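Read the structure below first, then the notes.
Quick note: the coordinates plus some simple rules give every number you see, no bench work behind them. This is a predicted model, so every value here is computed, not measured. Don't worry about glycine lacking a Cβ; one is built from the backbone with ideal geometry, like all the others, and counts go over all protein chains shown.
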Amino acid sequence: MNESNDIMILDAVERYIRGEMNPDERLHFENLRKTNGEIDQLVVEHTLFLQQMNRFGEWQKFRSTLNEVHTDLTEQGKIDSDRLKGKARVVYLWNKYKRVTAIAASIAGITALSISGLVWSVSPKPDNSKLQDLSRQLQIVKQDQRNQKTVINQLQDQTKMPLDPSILYKSGGSGFLIDGKGLLVTNAHVVRDATNIAVQDRAGVVYNAVVAFADFDKDIAILRIQDNNFKPMGPLPYAISKATTDLAEPVFTLGYPRDEIVYGEGYLSAKTGFDGDTLSCQIAIAANPGNSGGPILNHSGEVVGILSTRETAAEGVVFALQAKHIYKALDELKSKNDTLFQRVKLNSKSSIAGLDRTQQVKKVEDYVFMVKVN
Amino acid sequence: MKPENNEQLLLQGLARNDKKAVETIYKDHYSVIQSLIINNNGSADDARDIFQEAMIVLYEKARSGSFELHCQLRTYIYSVARRLWLKRLQQSRRFSGEIVNTEEVVHVEEDVEEHVKRDLEFGMMEKAIIGLGEPCKSLLEAFYIQKKNMQEIASNFGYTNAENAKTQKYKCLMRLKKIFFTHYKNGTK
């Protein structure tokens with residue numbers, strides 16, 4: 001007899017013993033029992049087994065009733081057994097009142113949810129339509145805030161030259177310094193069609209910048225900060241890597257998907273970019289509009305790429321331009337402009353290699369800027 | 001109501017696993033048994049064990065339907081508990097003398113022997129079911145003890161359909177029955 005047959009027979013035996021068969025079926029089964037000794041034996045044996053199971057189940061139930069009663073009576077002081085002490089008592093009380101606790105907790109939960117729901121419904125909603133576009137469209141309202149901030153900054157530091165308050169920046173991205181004197185790298189698409197460009201540091205101070213170089217094929221641009229208020233910064237903490245990154249190498253990024261600098265981490269998932277593009281590589285990281293142009297750093301603090309595009313069809317798939325193209329872009333820039341950039345040399349030695357991630361981020365974040373464009 | 005009638009009612013409740021009845025008997029008789037145990041080399045935990053075992057004897061008797069109480073409930077429980085405790089003491093060789101009776105005692109040896117045997121069987125069954133591991137344990141308990149139907153079980157245990165659950169249940173059952181009948185045959189020989 002094969003297994004499915006056995007299962008069927010057992011099923012029939014159980015229904016027979018439980019009296020779940022209809023009269024015809026029952027008659028048929030009883031005949032079978034008479035003629036087939038094996039089945040008859042199975043019925044006898046299984047009946048015994050089921051009886052035993054039944055009694056066993058009831059025995060278990062009764063024992064648990066006894067234990068419940070014992071604990072209850074002891075707690076009520078009606079019998080003089082040792083009262084539960086310490087942890088056991090806590091467990092007892094917890095079991096006894098967990099329904100109450102659960103109800104209280106769910107009421108608290110529902111209240112919290114409805115309050116947050118209420119707050120959410122009256123608070124301004126994020127504009128989801130922006131999320132697919134990698135260069136971020138800044139909202140007018142936010143820009144107003146930014147202008148106010150600028151005004152405050154001006155009040156704080158009268159020597160700072162006021163920016164033209166009439167400029168409303170529409171879109172933006174991220175960028176990072178490749179030279180302490182004020183050269184930044186970002187994506188070319190971030191500064192496409194720009195009339196005015198400004199970069200803003202972590203503290204919210206805004207500086208004017210101009211495009212020194214842009215290569216739309218590679219999607220790389222070099223910006224130069226042209227602002228009297230910008231004080232040259234010291235040597236860069238991170239290096240710009242010439243090498244190709246290895247698969248699965250953990251990486252992190254810093255950028256401005258919102259008005260606050262945001263950290264994200266992931267890993268290099270493919271050595272080529274979208275559609276086998278050899279200029280870029282693929283990274284699994286959570287990136288949002290505004291992350292465009294931000295640096296991709298490896299664990300030793302080397303910039304290995306520039307975060308550029310996100311595949312709209314897949315979450316968490318981001319393409320980054322390989323960092324060696326920064327060198328190429330700078331070389332091209334040098335060849336075009338004879339004086340201004342000749343002395344610029346990219347840092348090839350990271351000074352934050354041995355630090356833990358928190359410390360690395362602390363060092364790097366001052367060198368990552370928000371790029372704002374109108 | 002006469003106390004005997006009252007006790008008969010309590011026994012009927014006990015047979016149904018009625019919590020109120022269990023509570024009443026428990027409350028009225030626990031302290032007598034506890035002092036019996038504690039005065040005879042036992043601890044409060046021993047008292048609890050022995051009293052609950054005596055309650056199980058009473059429960060089984062009440063369930064059998066043929067049980068007629070020829071003495072007071074108090075006397076019966078005391079007699080059973082005393083007998084159980086004596087056996088326990090003999091097994092652990094802590095004590096080989098006599099227990100000083102503070103109560104009237106009736107003859108309960110057969111009842112206790114029957115209980116001990118059954119207790120062993122159930123203990124074996126419990127061990128066997130636990131020994132099956134999951135999901136067999138929960139699956140068999142759900143079907144044979146909680147008496148849930150296969151559709152319900154299939155959805156509770158995340159089987160795609162009742163047939164899959166049935167197949168799994170069958171495999172578990174075969175394992176349990178094998179253990180059960182081995183023990184059973186050894187036990188009855």
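Counting other Cβ atoms within 10 Å of each Cβ, which trypsin sites (Lys or Arg not before Pro) in segment A:318-370 have at most 13 and sit in a DSSP loop? Please report the intermediate quantities before stating the final value.
Values: sites: A:Lys324, A:Lys328, A:Lys334, A:Lys336, A:Arg343, A:Lys345, A:Lys349, A:Arg357, A:Lys362, A:Lys363; in loops: A:Arg343, A:Lys345, A:Lys349.
Qualifying residues, ordered by number: A:Arg343, A:Lys345, A:Lys349.
Going by C-beta contacts inside 10 Å, put A:Thr74, A:Thr253 in order with the fewest on the left. Each step should come with its number before you reach the end.
Details: A:Thr74 19, A:Thr253 28.
Least crowded to most crowded, the residues run A:Thr74, A:Thr253.
Within the P(r) computed for segment A:224-329, what percentage of the Cα pairs occupies the region above 22 Å? Intermediate results must be reported in sequence, preceding the final value.
Numbers: 1630 of 5565 pairs.
When every Cα pair of segment A:224-329 is considered, 29 percent fall beyond 22 Å.
How high is the relative contact order of chain B, in percent, with contacts defined as C-alpha pairs under 8 Å that are six or more residues apart?
The value is 14 percent.
Using Cβ counts within 10 Å as a stand-in for footprinting exposure, how do A:Ile306, A:Ile178, A:Ile39 rank, fewest first?
On the way: A:Ile306 30, A:Ile178 26, A:Ile39 17.
Fewest-to-most ranking of A:Ile306, A:Ile178, A:Ile39: A:Ile39, A:Ile178, A:Ile306.
For segment B:31-129, which trypsin sites (Lys or Arg not before Pro) pass both filters: DSSP loop (anything but H, G, I, E, B) and at most 13 other C-beta atoms within 10 Å?
Numbers: sites: B:Arg48, B:Lys61, B:Arg63, B:Arg74, B:Arg82, B:Arg83, B:Lys87, B:Arg88, B:Arg93, B:Arg94, B:Lys117, B:Arg118, B:Lys127; in loops: B:Arg93, B:Arg94.
Loop-located and lightly packed - B:Arg93, B:Arg94.
Taking segment A:177-259, which chymotrypsin sites (Phe, Trp or Tyr not before Pro) meet the DSSP loop condition and have no more than 13 other C-beta atoms within 10 Å?
A:Phe216
In square nanometres, what is the average projected area of the Cα convex hull of chain B?
Values: hull surface 54.7 nm².
With the hull built on Cα positions only, its mean projection is 13.7 nm².
Based on DSSP H assignment, which helices of chain B show an axial Cα extent of at least 15 Å together with a mean Kyte-Doolittle hydropathy greater than or equal to 1.0? Intermediate results must be reported in sequence, preceding the final value.
Details: long enough: B:3-15 (18 Å, -0.46); B:19-38 (27 Å, 0.09); B:44-64 (30 Å, -0.34); B:73-92 (28 Å, -0.45); B:109-132 (35 Å, -0.45); B:162-188 (36 Å, -0.91).
The qualifying helices: there are none.
With equal scatterers on the alpha carbons only and no solvent term, can you work out the Debye log10 of I(q)/I(0) for segment A:172-273 at 0.13, 0.16, 0.20 1/Å?
Listed by q, the Debye log ratios stand at -0.54, -0.81, -1.21.
If you take the beta carbon distance between B:Phe181 and B:Asn39 as r and set R0 to 56 Å, what does 1/(1 + (r/R0)^6) give as a FRET efficiency, to the nearest 0.05?
Working: r = 44 Å, r/R0 = 0.78.
For R0 = 56 Å, the calculated efficiency reads 0.80.
I need the calculated FRET efficiency for the pair A:Asp40 and A:Tyr267, taking r as the beta carbon distance and R₀ as 60 Å, to the nearest 0.05. Walk me through the numbers before you get to the answer.
Working: r = 66 Å, r/R0 = 1.11.
It comes out at approximately 0.35.
Once segment A:277-374 is represented by equal point scatterers at the alpha-carbon sites, with solvent omitted, what log10 I(q)/I(0) does the Debye formula produce at q = 0.13, 0.14, 0.16 Å⁻¹?
Log-scaled intensity ratios, in q order: -0.57, -0.65, -0.84.
Considering amide H positions built from the backbone, and no H for Pro or chain starts, which residues 5 or more places from B:Asn40, or on another chain, come under 5 Å of its amide H?
none
Using a simple spin-label model with points 7 Å from Cα along the Cα→Cβ vector, what separation in nm is obtained for A:Gln76 and A:Gln359?
Using points 7 Å along Cα→Cβ, the separation is 6.5 nm.
According to the square roots a ≥ b ≥ c of the eigenvalues of the Cα gyration tensor, what is the shape class of segment B:34-127, taking rounded for a/c under 1.5, prolate for a/b larger than b/c otherwise, and oblate for the remainder?
Judged from the Cα gyration tensor, segment B:34-127 comes out oblate (a/c at least 1.5, b/c at or above a/b).
For each of B:Trp85, A:Trp59, count neighbouring Cβ atoms within 10 Å of the residue's Cβ, then give the residues from fewest to most. Please list the in-between numbers first.
Values: B:Trp85 25, A:Trp59 21.
Neighbour counts put them in this order, fewest first: A:Trp59, B:Trp85.
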